[in-house]
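All remarks here apply to the structure that follows.
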Amino acid sequence: MGNFELYNTLTRTQEPLRPVDPSRVTVYTCGPTVYGAAHIGNFRSFIAEDALVRALRYLGHGVYRVMNITDVGHLVGDGDEGEDKMAVGARREGKTAWEVAAHYTQVFLQDMETLNLERPDSLVKATDTIAEQITFIQDLEAKGHTYVTSDGVYFDSTSISDYGKLARLDAQSLQAGARVEIGEKRSLTDFALWKFSTTPGERHMEWESPWGLGFPGWHIECSAIIAKSIGETVDIHCGGQDHIAVHHTDEIAQSEARHGVELARHWMHVAFLTVDGGKMSKSLQNDYTIAQLQGRGIDPLAFKLFTYGTHYRSPINFTWEAVEAAQSRLKRWRERYQAAPEGVAPELLLGLQERLSDDLDLPGLLALIDTNQDAPKSFWEQVEGVLALGITASTQVPSAVTALANAREVARQAGNWTESDRLRAEIAAAGFEVRDTASGFELFAR
Ligand code: AMP
Ligand code: ZN
């Protein structure tokens, strides 16, 4: 087992991993808000998180990864104002929020497969844990951390001494400098745990609660899911950089107030992807989806390689030229693998371990690959296990494996994910990995 080190946003230093249970590193990822298709910025984060999990496994760690699907409660505004994003999606498409959530969850899972991203061990919908979220809020209430206004139940951020420690927020100066309308909130940094339905019966998602009909705030879902699926402390909590100041800050506040122990040992945050040097936006129509990349002739795995070229803590700028260059690089790598000699290269394997262990230094790994033109097949195969770029595609697939893959495709088309996952595992046990493409699937030797 290597000495894996990861930068920790909480301490602002690179630290050795110190899992609660060394035989099983627990990882929690804030998942997508399923009111539309995830864009390439979202996928930059999900790709980096997948590489983290694969690297940990490669280095000999057992990993248990949980991801949520946000299908309720994520409001348009970060300050508990505005509509639920799901309601916006529902209006846009003339469907119910439930239909929108079901559809974009499938699109997300399909995009994950297309990008060769592992399905987390547990994928939990926020709407499947409403009872746990209500219990969580009741516990906070019993401990005196909440208050009720005319529009919801709020967490009192002044009821804990270290609010804002992740983002190093100075609550006092925040309050003093605040020019925003905080309504009935007592402090700017207080946040909604439960929101009341404004027009009961007309919303598409609402539940009975001890405080009345309503729906949960966004942050509480992650805290409740972690508590339920992992426990009081998760080893590595991941997300995009935009989550530091509010979402993760509030997850910490409520979880630590309830449990009295640290929510996460390591906080991993992925820096932003920009497009043509700026923020992605609907109005500029540059919030590209994976399907749009494919429509422009880009292999989604080339996009994946493009993101690996910049360390996850540095911003990355998407341009079509850059992703096309990554596509050429990937083609060269696939050719190099086909022509690679047999044999082993211990020093290259050591280099691979070192790069991964050094805060997931994938740009360093890419450089190692490009400066060792005669790397043997065995090295490429190890690289493939971590980067999952479809480099080592095999043409000799046993017919039994193809049959399994065909059966899986049928299950997948029918939306039978349990069966398709079971078949994927069977294919994996036979030494192959199935990857979905626009026209069906491809099989690769693992
Ligand atoms: P959301 O669907 O908004 O909940 O976001 C899903 C994930 O994508 C979160 O971890 C976000 O922090 C992350 N994210 C959102 N926009 C970007 C971006 N432009 N670059 C990188 N990560 C992002
Ligand atoms: Zn979260």
**Request:** Taking the residues in segment 173-196 that are farther than 13 Å from T158 by Cα and at pLDDT 90 or above as candidates, determine which candidate is most open to solvent (accessible area, probe 1.4 Å).
**Result:** E184
**Request:** Give segment 256-275 a look and list any residue that's assigned to a loop (DSSP other than H, G, I, E, B) and either within 13 Å of ligand 1 (Cβ to nearest atom) or in contact with a helix residue (DSSP H, G or I) (Cβ under 6 Å, 6 or more places away or on another chain) (or both), or say none.
**Result:** L263, A271, F272
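Just checking, does segment 109-122 include any residue being outside any helix (DSSP H, G or I), among the hydroxyl-bearing types (S, T, Y) and under 25 Å from P19 (Cβ atoms)?
Yes, segment 109-122 contains at least one residue that is outside any helix (DSSP H, G or I), among the hydroxyl-bearing types (S, T, Y) and under 25 Å from P19 (Cβ atoms).
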**Request:** Output yes when any residue across segment 200-213 is crowded, with 24+ Cβ neighbours inside 10 Å, touching a residue at least 60 places away in the same chain (Cβ under 8 Å) and out of contact with any Asp or Glu (no Cβ under 8 Å at 6 or more places or on another chain), and no when none is.
**Result:** no
**Request:** For V25, indicate whether it is closer than 13 Å to H237 by Cβ, surrounded by 19 or more Cβ atoms within 10 Å (Cβ to Cβ) and touching a residue at least 24 places away in the same chain (Cβ under 8 Å).
**Result:** yes
**Request:** Please list, ordered by first then second residue, the pairs with beta carbon atoms under 7 Å, 6 or more apart or interchain, first in segment 78-99 and in contact (Cβ under 8 Å) with a residue 60 or more places away in the chain and closer than 19 Å to K125 by Cα, second open to solvent by 20 Å² or more (accessible area, probe 1.4 Å) and aromatic (F, W, Y).
**Result:** M86/Y35
**Asked** Are any of the residues in segment 41-63 in contact (Cβ under 8 Å) with a residue 60 or more places away in the chain, over 19 Å from V386 (Cα atoms) and of a type in the set (A, V, I, L, M)?
**Response** no
**Request:** Of all residues in segment 418-446, count the ones that are open to solvent by 50 Å² or more (accessible area, probe 1.4 Å), modelled with pLDDT of 85 or more and either hydroxyl-bearing (S, T, Y) or within 24 Å of the chain's Cα centre (by Cα) (or both).
**Result:** 6
**Fill in**
Matching residues in segment 222-251 (open to solvent by less than 10 Å² (accessible area, probe 1.4 Å) and more than 16 Å from ligand 1 (Cβ to nearest atom)) number 2
**Asked** Among the residues of segment 129-148, is there at least one that is modelled with pLDDT of 95 or more, within 20 Å of R44 (Cα to Cα) and surrounded by 15 or more Cβ atoms within 10 Å (Cβ to Cβ)?
**Response** no
**Item:** From the options A38, A55, A102, A90, residue that is part of a helix (DSSP H, G or I), within 19 Å of the chain's Cα centre (by Cα) and surrounded by 21 or more Cβ atoms within 10 Å (Cβ to Cβ)
**Value:** A55
**Message:** Condition first: open to solvent by less than 40 Å² (accessible area, probe 1.4 Å), in a loop (DSSP other than H, G, I, E, B) and of a type in the set (D, E). Can you find one or more residues in segment 66-79 that meet it?
**Reply:** yes
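The values are calculated or read from the model by the stated rules, or taken from the named source; none is laboratory data. Keep in mind that what you see is a predicted model, and the values were worked out from it rather than measured. Methodologically, a virtual Cβ is constructed for each residue, glycine included, from the backbone with ideal geometry; neighbour enumeration extends over all protein chains shown. We work out accessible area using only protein heavy atoms, side chains counted, and drop any ligands, DNA or RNA first. Shrake-Rupley method; radii C 1.70, N 1.55, O 1.52, S 1.80 Å.
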